[in-house]
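Engineer: I'd like to ask some things about the structure below.
The values are calculated or read from the model by the stated rules, or taken from the named source; none is laboratory data. Since the model is a prediction, treat every value here as computed from it, not as a measurement. All Cβ positions, even for glycine, are placed from backbone atoms using ideal geometry, and neighbour counts span all protein chains on display.
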C-alpha cells in the first residue's frame, strides 16, 4: 500500500511521535502533529541511547546528526553503594555490529528529530478533546479545540498518561512499579565515557556524561519515600556527595524532575484506524534504557507494515504481531531487574560479581536482532544495511 493521499494525525511530538511522523511522511502520507506542551523543550535531563536505538536512528537517516551532539559511551560499570566494583562491561563488545552507545541531553535529541520533520505542521499546546472511530473502522474523527477533522489513521504517541488511550480505551492501564525516580543534570563529575551505577539497599544512583562537562544523574528509591536525596543516599561513595553538592549549588532539589516509575500494559494497541505507539502502548521501567529504542523501532516497523499491507487495519494488526514479542521481552527483563532490587544487598552483590556480565549480555542479546525486514529505505538505507553500522568484530 502507498501512503499517497493518506491523512495521518500524530498525537504527541516526543521521540515516538516525531520518529513516526518522519517515517510516515517518507511513506507518502500527509502528516499533522499536535502536542500538549506549548513549545519544544529548551532544556531537560539526559538520555542514554543503546546500540539498537542508534541503529534505528541510522535507519531514519539521523544517526550522524545525533552522534555529532552526543558522547560515545564505551563502558558500563556497576558497583555497590560504597563504590566497590561488582562488574564492568565493554559496550562496544556488547553492541558490536549494531551501533555505538551514545549519551546526550534529551532536548538535543528532540531538536534533531524535530528538524527532521520541519515540513510537517505542528500545533503546539493542543490535545484531543474527543476521538470518534468510524463505524466501518476506516477513519477517525478528532476534535481539538475548535478544530474537528477526519483522518485515515491516528497515532497516539502521547506518552505514559496518554489522552488518546484514555478517550478510546476508557480505562487506566498504567501500573506503578513501586519506585520513585529523580533526574537532574549538573556540571562536573567523572567525565570518563562510562555509564556508572551504584546500588544501595532499595536505591540506586546512576551517572552518565552527556557532553559540555555536564553529567546526567538518575536516582530511584521506594515509592512514597519522603526522604530527601541526601537522606536517601546517605553513605553513598563519591561521586554522589560531590554531585549532590553541585545540585545544591545549581538550584537544589527544586530543579529535580521527580515522579513515580510506571509501566503500561494493554491487550491490544489498536482500535479501528487508531494505534498507540511508544510509551503510550508499552512503557516500562527505565532500567533497560529501552524507551527511546522501542519508540524509534515502532516508527520503522509501522512504516514497513503499512507498505506491505493492502489496508490500514491489516497493517496495524501485522505491526502489533511483529512488535509485541520484542516489547514484551523488554518488559520481562525490566521486571526481573526490579525484582532483583529486592534481594538482600549482600546476596545481590555476590550474584552480580559472579554473573553480572553474563546476565547483561543475556538481557540484550535478542535486541541485537533487526526489528524490521528491510522494506523501509529512507535515504537509501535499508533496515538490513543501515548506512554507518560497523561490522561485527
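Engineer: Which residues, counting only those in the stretch 260-285, are out of contact with any helix residue (DSSP H, G or I) (no Cβ under 8 Å at 6 or more places or on another chain) and modelled with pLDDT under 95?
Structural biologist: Hit for the stretch 260-285 is 267, nothing else.
Engineer: Whether any residue in the stretch 244-262 is in a strand (DSSP E or B) and farther than 23 Å from residue 186 by Cα is what I want to check.
Structural biologist: Here is the first cut: in the stretch 244-262, the residues in a strand (DSSP E or B) are 257-262.
With farther than 23 Å from residue 186 by Cα added as a condition, the list becomes 262.
Yes, the stretch 244-262 contains at least one residue that is in a strand (DSSP E or B) and farther than 23 Å from residue 186 by Cα.
Engineer: If only one of 7, 42, 36, 2 is surrounded by fewer than 22 Cβ atoms within 10 Å (Cβ to Cβ), in contact with a helix residue (DSSP H, G or I) (Cβ under 9 Å, 6 or more places away or on another chain), farther than 12 Å from residue 299 by Cβ and modelled with pLDDT of 95 or more, which one is it? Spell out how you get there, then give the answer.
Structural biologist: Working: 7 fails: in contact with a helix residue (DSSP H, G or I) (Cβ under 9 Å, 6 or more places away or on another chain); 42 fails: modelled with pLDDT of 95 or more; 2 fails: modelled with pLDDT of 95 or more.
Answer to the check: 36.
Engineer: Can you work out which of the residues in the stretch 251-263 that are out of contact with any strand residue (DSSP E or B) (no Cβ under 6 Å at 6 or more places or on another chain) and surrounded by 13 or more Cβ atoms within 10 Å (Cβ to Cβ) is farthest from residue 284 (Cα to Cα)?
Structural biologist: 252
Engineer: Pairs, please: C-beta under 6 Å, at least 6 apart or cross-chain, first residue over 23 Å from residue 22 (Cβ atoms) and in the stretch 306-332, second in a helix (DSSP H, G or I)?
Structural biologist: Note: pairs meeting the criteria are 329/366.
Engineer: Being farther than 27 Å from residue 110 by Cβ and in contact with a strand residue (DSSP E or B) (Cβ under 7 Å, 6 or more places away or on another chain): is that true of residue 353 here? Spell out the reasoning first.
Structural biologist: Numbers: farther than 27 Å from residue 110 by Cβ: yes; in contact with a strand residue (DSSP E or B) (Cβ under 7 Å, 6 or more places away or on another chain): yes.
Judged against the criteria, residue 353 is a match.
Engineer: Need at least 1 residues that are free of Cβ contacts under 8 Å to residues at least 24 places away in the same chain per element, so show me which strands (runs of 3 or more DSSP E) inside the stretch 1-111 make the cut, counting only ones lying wholly within it. It would help to see each step written out before you state the result.
Structural biologist: Working: elements: 7-11, 30-35, 46-49, 71-73, 75-80, 85-90, 101-105.
Per the criteria, 85-90.
Engineer: Just to be sure before I move on: is residue 155 in a helix (DSSP H, G or I) and either in contact (Cβ under 8 Å) with a residue 24 or more places away in the chain or surrounded by fewer than 22 Cβ atoms within 10 Å (Cβ to Cβ) (or both) in the structure I sent? Let's see the steps before the verdict.
Structural biologist: Details: in a helix (DSSP H, G or I): no; either in contact (Cβ under 8 Å) with a residue 24 or more places away in the chain or surrounded by fewer than 22 Cβ atoms within 10 Å (Cβ to Cβ) (or both): yes.
For residue 155, the condition - in a helix (DSSP H, G or I) and either in contact (Cβ under 8 Å) with a residue 24 or more places away in the chain or surrounded by fewer than 22 Cβ atoms within 10 Å (Cβ to Cβ) (or both) - is not met.
Engineer: Being surrounded by fewer than 21 Cβ atoms within 10 Å (Cβ to Cβ), touching a strand residue (DSSP E or B) at 6+ places or on another chain (Cβ under 9 Å) and modelled with pLDDT under 95 is the filter here; which residues of the stretch 178-203 pass it?
Structural biologist: 178, 187, 188, 190, 191, 192, 193, 202
Engineer: Tell me which of these residue 160 doesn't satisfy, since it passes every other one: (1) closer than 28 Å to residue 276 by Cα; (2) out of contact with any strand residue (DSSP E or B) (no Cβ under 6 Å at 6 or more places or on another chain); (3) in a loop (DSSP other than H, G, I, E, B).
Structural biologist: Condition (2) is where residue 160 drops out.
Conditions (1) within 18 Å of residue 17 (Cα to Cα); (2) at pLDDT below 95; (3) within 14 Å of the chain's Cα centre (by Cα), marked per residue:
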position: 50; (1), (2), (3): no, no, yes
position: 53; (1), (2), (3): yes, no, yes
position: 66; (1), (2), (3): yes, no, no
position: 74; (1), (2), (3): no, no, no
position: 81; (1), (2), (3): no, no, no
position: 84; (1), (2), (3): no, no, no
position: 95; (1), (2), (3): no, no, no
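Engineer: Looking at the stretch 112-141, which of its residues are in a loop (DSSP other than H, G, I, E, B), over 30 Å from residue 70 (Cα atoms) and either without any contact (Cβ under 8 Å) to a residue 60 or more places away in the chain or under 19 Å from the mean Cα position of the chain (by Cα) (or both)?
Structural biologist: Within the stretch 112-141, the first condition is being in a loop (DSSP other than H, G, I, E, B), and the residues that meet it are 116-121, 125-129, 134-139.
Checking the rest, the ones that are also over 30 Å from residue 70 (Cα atoms) come to 126-129, 134-139.
Listed by number, the residues that qualify are 129, 135, 136.
Engineer: Is it the case, given these coordinates, that residue 215 is in contact with a helix residue (DSSP H, G or I) (Cβ under 8 Å, 6 or more places away or on another chain) and over 18 Å from residue 45 (Cβ atoms)? Walk me through how you get there before you give the answer.
Structural biologist: Working: in contact with a helix residue (DSSP H, G or I) (Cβ under 8 Å, 6 or more places away or on another chain): yes; over 18 Å from residue 45 (Cβ atoms): no.
Answer is no for this residue.
Engineer: Let me ask something additional. If I ask for residues that are over 18 Å from the mean Cα position of the chain (by Cα) and buried (at least 16 other Cβ atoms within 10 Å of the Cβ), which ones from the stretch 166-177 would you list? Let's see the steps before the verdict.
Structural biologist: So in the stretch 166-177, the residues over 18 Å from the mean Cα position of the chain (by Cα) come out as 166-173.
Of everything in the stretch 166-177, those that are over 18 Å from the mean Cα position of the chain (by Cα) and buried (at least 16 other Cβ atoms within 10 Å of the Cβ) turn out to be 166, 167, 168, 169, 173.
Engineer: Right, something else. Scanning the stretch 330-340 for residues that are surrounded by 17 or more Cβ atoms within 10 Å (Cβ to Cβ) and more than 12 Å from the chain's Cα centre (by Cα), which turns out modelled with the lowest pLDDT? Walk me through how you get there before you give the answer.
Structural biologist: Taking the stretch 330-340 as the starting set, the residues that turn out to be surrounded by 17 or more Cβ atoms within 10 Å (Cβ to Cβ) are 330-331, 333-334, 338.
If we keep only those that are more than 12 Å from the chain's Cα centre (by Cα) too, we end up with 331, 333-334, 338.
Numbers: 331: 97, 333: 96, 334: 96, 338: 91.
Checking each candidate, the answer is 338.
Engineer: When residue 31 is evaluated against the numbered criteria (1) surrounded by 17 or more Cβ atoms within 10 Å (Cβ to Cβ); (2) more than 27 Å from residue 301 (Cβ to Cβ); (3) more than 18 Å from the chain's Cα centre (by Cα), which criterion, by number, is the only one it fails?
Structural biologist: It is condition (2) that residue 31 fails.
Engineer: Out of the stretch 115-136, which residues are surrounded by 15 or more Cβ atoms within 10 Å (Cβ to Cβ) and out of contact with any strand residue (DSSP E or B) (no Cβ under 8 Å at 6 or more places or on another chain)?
Structural biologist: If the condition is that a residue be surrounded by 15 or more Cβ atoms within 10 Å (Cβ to Cβ) and out of contact with any strand residue (DSSP E or B) (no Cβ under 8 Å at 6 or more places or on another chain), then 116 is the only one that fits.
Engineer: Now, a different point. Can you find, within the stretch 288-324, the residue that is farthest from residue 4 (Cα to Cα) among those that are within 18 Å of the chain's Cα centre (by Cα) and either outside any helix (DSSP H, G or I) or at pLDDT below 95 (or both)?
Structural biologist: 289
Engineer: Can you name the condition, by its number, that residue 227 falls short on among (1) free of Cβ contacts under 8 Å to residues at least 60 places away in the same chain; (2) not in a loop (DSSP other than H, G, I, E, B)?
Structural biologist: Of (1) free of Cβ contacts under 8 Å to residues at least 60 places away in the same chain; (2) not in a loop (DSSP other than H, G, I, E, B), only one is false for residue 227: (2).
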